[in-house]
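As structure tokens, the structure follows; a few thoughts come after it.
The values are calculated or read from the model by the stated rules, or taken from the named source; none is laboratory data. Every value quoted in this text rests on a predicted model; they were computed, and no experiment measured them. Cβ placement follows ideal geometry from the backbone for every residue including glycine, while neighbour counts extend to all protein chains displayed.
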Amino acid sequence: MTPLTALCAGTYTVVITDDDNCTVDTIITLSEPAAITSTIARVNTSCGTFAGELSIAGGGGCGPPYTYFIDGVALLGSDSIGLPVGFYTITVQDNCGCSQEFTEYVSSTDGPSFTTSFVNPPCNGEANGAITIIDTLGVAPITQSINGGISFSANLVYNNLPPSGYPIIVQDGTGCQSLVLS
């Protein structure tokens with residue numbers, strides 16, 4: 001008998017034939033578990049300190065016990081404390097070894113403040129969305145990044161953007177940063 005592997009969820013008819021050419025068939029339904037989810041509670045930190053916290057609760061998948069990772073490092077429980085300002089990749093692994101990644105951030109409680117406005121692309125797949133950063137308050141000069149801190153500019157309007165999540169960082173003249181994931 002040849003095992004079948006890498007099958008997608010669905011209903012299959014299996015026909016078995018013996019050496020005498022006798023057959024029997026059966027219907028087998030393969031299902032998949034619910035998607036892995038997470039609920040993440042965040043405690044932001046003061047600028048320049050390492051007092052941020054992320055508390056993670058997994059759900060779905062094959063169920064508990066869940067294992068948690070932050071930026072690829074396994075946690076001993078479901079909490080990570082002593083985090084500086086930044087974006088983090090959270091991985092939740094279920095009892096079957098399946099995993100799902102999530103992005104979360106710790107921001108500064110005393111950093112610059114800002115609000116944003118978004119215009120989603122009107123048609124699927126087009127790169128004509130926009131992000132506007134408004135009401136920036138903090139110690140001058142204030143700069144912004146919509147690519148997770150790879151580059152900063154004084155631009156307040158970013159046009160011709162494809163649909164995606166954008167890690168926005170606003171940095172003031174003291175180097176203090178406030179973050180949001182749009």
* For residues that are within 25 Å of Cys96 (Cβ to Cβ) and outside any loop (DSSP other than H, G, I, E, B), tally how many sit in the stretch 27-68. => 21
* Asked: Does the stretch 73-86 contain any residue that is modelled with pLDDT under 95, surrounded by 13 or more Cβ atoms within 10 Å (Cβ to Cβ) and under 16 Å from the mean Cα position of the chain (by Cα)?
  -> yes
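So, of the residues in the stretch 129-138 that are within 18 Å of Ser178 (Cα to Cα) and of a type outside the set (Val, Ile, Thr), which turns out to be surrounded by the most Cβ atoms within 10 Å (Cβ to Cβ)? Write out each step before concluding.
So in the stretch 129-138, the residues within 18 Å of Ser178 (Cα to Cα) come out as 131-138.
Right, trim to of a type outside the set (Val, Ile, Thr) and you get 135, 137-138.
Numbers: Asp135: 9, Leu137: 13, Gly138: 20.
Out of the qualifying residues, it is Gly138.
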* Can you pull out the residues in the stretch 114-138 that are more than 15 Å from Pro162 (Cα to Cα) and assigned to a strand (DSSP E or B)? -> Phe114, Thr115, Thr116, Ser117, Ile133, Ile134, Asp135, Thr136, Leu137
* Taking Ser164 as meeting all but one of (1) within 27 Å of Ile70 (Cβ to Cβ); (2) in contact (Cβ under 8 Å) with a residue 12 or more places away in the chain, write down the number of the exception. => (2)
* To do: Would you mind listing the strands (runs of 3 or more DSSP E) fully within the stretch 139-182 where at least 1 residues are surrounded by fewer than 16 Cβ atoms within 10 Å (Cβ to Cβ), among the polar types (S, T, N, Q) and touching a helix residue (DSSP H, G or I) at 6+ places or on another chain (Cβ under 9 Å)?
  => none
* When you look at Gly111, is it small (Gly, Ala, Ser), modelled with pLDDT of 90 or more, more than 16 Å from the chain's Cα centre (by Cα) and part of a loop (DSSP other than H, G, I, E, B), yes or no? -> no
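Specify the residue that is nearest to Thr89 (Cα to Cα); the eligible residues are those in the stretch 44-68 that are without any contact (Cβ under 8 Å) to a residue 40 or more places away in the chain and aliphatic (A, V, I, L, M).
Ile56
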* Taking the condition charged (D, E, K, R) and surrounded by 11 or more Cβ atoms within 10 Å (Cβ to Cβ), does Asp18 pass? -> no
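State yes or no: is Glu126 loosely packed, with under 14 Cβ neighbours inside 10 Å and in the same structural domain as Tyr66 (by TED's automatic domain parsing)?
Here the answer is no, as Glu126 does not meet what is asked.
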* Structure fact -> Within the stretch 74-132, the residues that are in contact (Cβ under 8 Å) with a residue 24 or more places away in the chain and small (Gly, Ala, Ser) are Ser80, Gly82, Gly86, Ser99, Ser107, Ser108, Gly111, Ser113, Gly125, Ala127, Gly129, Ala130
